[in-house]
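Colleague: Here you go, one structure.
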Amino acid sequence: MINEDITFAQVRLIDADGEMKGIVPIEEALKAADEAGVDLVCISSNPDNPVCKVMDYGKFLFEQGKREKEARKKQKETELKEIGIKLTTDVHDIEVKQKAVIKFLKAGDRVKINIRFRGREMAYQQQGFAVMEKFAEGIEEYGQIDKKPKIEGRNMVMYLVPKKNK
């Protein structure tokens with residue numbers, strides 16, 4: 001809320017220099033802002049203790065937008081990477097896929113491991129769970145299981161996330 005939109009009878013006023021003026025009637029606060037040639041901005045609209053500051057509202061919005069943009073820049077967006085294996089995938093091939101998964105986990109990404117059951121392979125779901133367990137043991141140092149292996153149609157899916165550093 002700014003200027004006349006502020007409906008409180010009394011507010012805690014902070015002047016343009018950042019100095020606390022104390023609790024004053026709203027009319028006096030508006031007059032102080034008008035004399036300074038800037039706006040009266042309600043910083044905290046708590047009904048018990050409303051805090052208003054005398055400042056340039058346009059500059060305030062610009063600075064706030066700049067801070068939000070900087071915060072978004074520092075945020076790391078995690079991606080979901082997917083690796084597909086088969087029941088019959090050989091040991092060496094699994095090791096190669098584990099190296100790729102380790103690379104993804106080091107980058108901070110979440111990884112989806114997918115086993116696709118073809119034809120009559122649906123009868124060997126226990127083997128699929130064993131392959132998933134073995135795969136998870138191979139990357140134990142770098143990541144942990146987020147969602148345990150489960151069957152989704154003709155696929156078995158497991159999610160891995162990077163290990164938390166303590």
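Colleague: Beyond a 29 Å Cα-Cα separation, which of these cross-linked pairs lie in this structure: Lys73/Lys148; Lys106/Lys134; Lys97/Lys163; Lys134/Lys163?
Modeller: Lys73/Lys148
Colleague: Continuing with this model, one more query. How much area per residue is accessible in the chain when the probe is 1.4 Å and only protein heavy atoms are counted (Å²)? Walk me through the numbers before you get to the answer.
Modeller: Working: 11510 Å² over 166 residues.
Counting only protein heavy atoms, the per-residue value for the chain is 69 Å².
Colleague: Taking the structure as given and computing Cα extents along the principal axes in Å, which label from [x] 62, 50, 19; [y] 82, 27, 27; [z] 50, 48, 31 fits?
Modeller: Matching the structure shown: [y].
Colleague: I've got another one for you. Can you list the aspartates and glutamates whose alpha carbon sits under 20 Å from that of Lys74, skipping same-chain ones fewer than 8 residues off?
Modeller: Reachable aspartates and glutamates: Glu63, Asp109.
Colleague: Under 5 Å between amide H atoms, partner at least 5 residues away or on a different chain: which partners does Val11 have, H built in plane at 1.01 Å?
Modeller: Val24, Ile26
Colleague: Given only helices, namely DSSP H runs of n ≥ 4 each adding -39500 (n - 2.57), what is the per-residue ellipticity at 222 nm of the chain, to the nearest 500 deg cm²/dmol?
Modeller: Computed ellipticity for the chain at 222 nm equals -11500 deg cm²/dmol.
Colleague: State the antiparallel share, in %, of DSSP beta bridges confined to the stretch 22-124, rounding to the nearest 5.
Modeller: Around 45 percent antiparallel, to the nearest 5.
The values are calculated or read from the model by the stated rules, or taken from the named source; none is laboratory data. As the structure is a computational prediction, the values presented were derived from the model and not from experiment. These accessible areas exclude ligands, DNA and RNA; they are computed on the full protein's heavy atoms, side chains included. Shrake-Rupley method; radii C 1.70, N 1.55, O 1.52, S 1.80 Å.
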